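Derivation of every value follows stated rules applied to the coordinates shown; laboratory data play no part. Every value quoted in this text rests on a predicted model; they were computed, and no experiment measured them. Note that we place each Cβ from the backbone using ideal geometry, even for glycine, and neighbour counts take in every protein chain shown.
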Amino acid sequence: MDINQVEKSDHTLPNSLIKDKTPLFEVNHLSLTFRQYKKGLRESSTQVIRDFSLKIHQGEIVAVVGASGSGKSLLADAILGILPENADVKGDLKFAGEELTMEKQMLLRGKDISLIPQSTNALDPLMKAGKQVQSVIKRKNKKSIQERIFHKVGLSKKAGEMYPFELSGGMARRVLVSTAMVSEAKLVIADEPTPGLDEHARNETIHYIKQLADGGKSIMFITHDITAALEVADKVAVFYAGETVEIANIDDFTGKGENLRHPYTRALWNALPQNDFIPLKGSQPLPGETINGCAFESRCPIAVEYCAQKPPQNKSVSGGIVRCFHA
Ligand SMILES: Nc1ncnc2c1ncn2[C@@H]1O[C@H](COP(=O)(O)OP(=O)(O)OP(=O)(O)O)[C@@H](O)[C@H]1O
Ligand code: NI
């Protein structure tokens, strides 16, 4: 039996969800602040995510693109409910049309919602690779399912008998991807699965992500590789200084970026080697930096005076959202 059919068999959603196109996962106005205690027990707080919103439908791949340190991994942790104690989260999370409470997050974590973590350190150092993958399989014939998946991702039977320290970086990544592939998860969050891989392994990983979606899973693909995002995603959510500045359909990334609505998204597009390779000057505000107006204002080619004075809100536009006064 083809592995995609195995995947599909358990991923039928209630008809109501398909009919009215309720997103499988939805986050609205998420903010994340860390409380920190400085000398003398004075409390200070650092805001890392300011206002993040996103919807993912069944079988859809949404890439979340943002620079290093922009809060992408923390966003994943917030969805899974695995943030450290000193984190305060606000905003609405919904899964399959229902509020995703802390209790629900605990219940769904590793089951309906699965994470491909950014670091391969997430593997259990004391458990053989094959066993780790088998441990998330709910059906019978765990070992043969695991071996079939390993074969699919280019891992030998022998790799199944290895401990994480015996695996190369690329092999460990494949083990993590296998875990998501065998899981019953409806939503897979892949946190930067491609950095550090050679071109072949990178292309393969991207291919597996596509396979996961073809099998009916919804994917949140976190990356700073905009080329990878454009290769697989249906939609791209651009994350800047803790905010979604634009969510655009993949078809909007074309030409000189005329269909893109936010100047930051256009700048990312035009900085690609196949386009004009135009670098963007300056850098993102740091977490905790006070931002009164638009977070992109200091680097924006079309900014006017009021852009520095009040923050723009997300506007719904056909096929996406954008946070810019000029859009
Ligand atoms: N426990 C914490 N307390 C305070 N600040 C934190 C904590 N964890 C992370 N941060 C800060 O939050 C910011 C966002 O971190 P995060 O790991 O989410 O970034 P990222 O977008 O995933 O980056 P990368 O692309 O490098 O993985 C960083 O500046 C980091 O220093
Ligand atoms: Ni990260």
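Can you give the Rg/Rh ratio of region 215-278, where Rg is from the C-alpha atoms and Rh is the Kirkwood radius?
That ratio is 0.96, to two decimals.
Hey, with R₀ at 22 Å, roughly what FRET efficiency would LYS157 and ASP124 work out to, going by the Cβ-Cβ distance, to 0.05?
The calculated FRET efficiency here is 0.65.
For the chain, the longest stretch holding no GluC sites (Glu not before Pro) located in a DSSP loop with at most 10 other Cβ atoms within 10 Å is which?
Value returned for the longest uninterrupted segment is 86-257.
Over all distinct alpha-carbon pairs, what is the Kirkwood Rh of the chain in angstrom?
20.8
For region 251-293, would you read off the P(r) tail past 13 Å as a percentage of all alpha carbon pairs?
59
List the extent of the Cα atoms of region 163-205 along each of their three principal axes, largest first, rounded to whole Å.
Principal extents (largest minus smallest coordinate, Cα): 28, 24, 14 Å.
Using the basic label-point model (7 angstrom from Cα toward the beta carbon), what is the ASP276 to LYS143 distance in nanometres?
6.1
Under a point spin-label approximation (7 Å from Cα along Cα-to-Cβ), what is the LYS210-GLU305 distance to one decimal in nm?
5.1
With N set to the residue count of region 34-115, report its C-alpha Rg divided by 2.2 N^0.38 Å to two decimal places.
For region 34-115, the normalised Cα radius of gyration comes out at 1.25.
Compute the signed sum of charges (Lys and Arg +1, Asp and Glu -1) over the other residues within less than 10 Å, Cβ to Cβ, of LEU115.
-1
Let me check I have the definition right: for region 125-208, take the eigenvalues of the Cα gyration tensor, multiply each by 5, take square roots. What are those semi-axes in whole Å, largest first?
19, 16, 11
Go ahead and run the numbers for FRET between SER68 and SER135, Cβ-Cβ distance against an R0 of 22 Å, rounding to 0.05.
The pair SER68/SER135 has a calculated efficiency of 0.10.
Placing unit charges on C-beta atoms (Lys and Arg positive, Asp and Glu negative, everything else neutral), compute the dipole magnitude of the chain about its Cα centre in debye, rounded to 20.
The calculation lands at about 680 debye.
Within region 68-87, whose backbone N sits under 19 Å from a point 7 Å along Cα→Cβ of SER44?
86-87
For region 163-310, what number results from the quotient of the Cα radius of gyration and 2.2 N^0.38 Å?
1.22
With springs only between Cα atoms under 10 Å apart, run a GNM on the chain and tell me which of HIS262, HIS224, HIS151 wobbles the most.
Ranking HIS262, HIS224, HIS151 by mean-square fluctuation puts HIS151 first.
Rounded, prolate or oblate: which fits region 202-246 when a ≥ b ≥ c are the square roots of the eigenvalues of the alpha-carbon gyration tensor, with rounded for a/c under 1.5 and prolate only if a/b beats b/c?
prolate
Give a quick list of trypsin sites (Lys or Arg not before Pro) in region 251-288 that DSSP marks as loop, anything other than H, G, I, E or B, with at most 13 other Cβ atoms within 10 Å.
Listed in order of number, the matching sites are LYS256, LYS281.
Provide the packing ranking of 270-279, 116-125, 129-138, i.e. peptides ordered by the mean count of other C-beta atoms within 10 Å per residue, highest first.
129-138, 116-125, 270-279
With N denoting the number of residues in region 62-158, provide Rg(C-alpha) divided by 2.2 N^0.38 Å, to two decimal places.
The reported ratio for this selection is 1.31.
Taking every pair of distinct Cα atoms and averaging 1/r, then inverting, what Kirkwood hydrodynamic radius in Å comes out for region 239-327?
When all Cα pairs of region 239-327 are included, the Kirkwood radius is 13.6 Å.
For a Förster distance of 30 Å, can you work out the FRET efficiency between the beta-carbons of ARG35 and HIS200, rounded to the nearest 0.05?
FRET efficiency, ARG35 to HIS200: 0.10.
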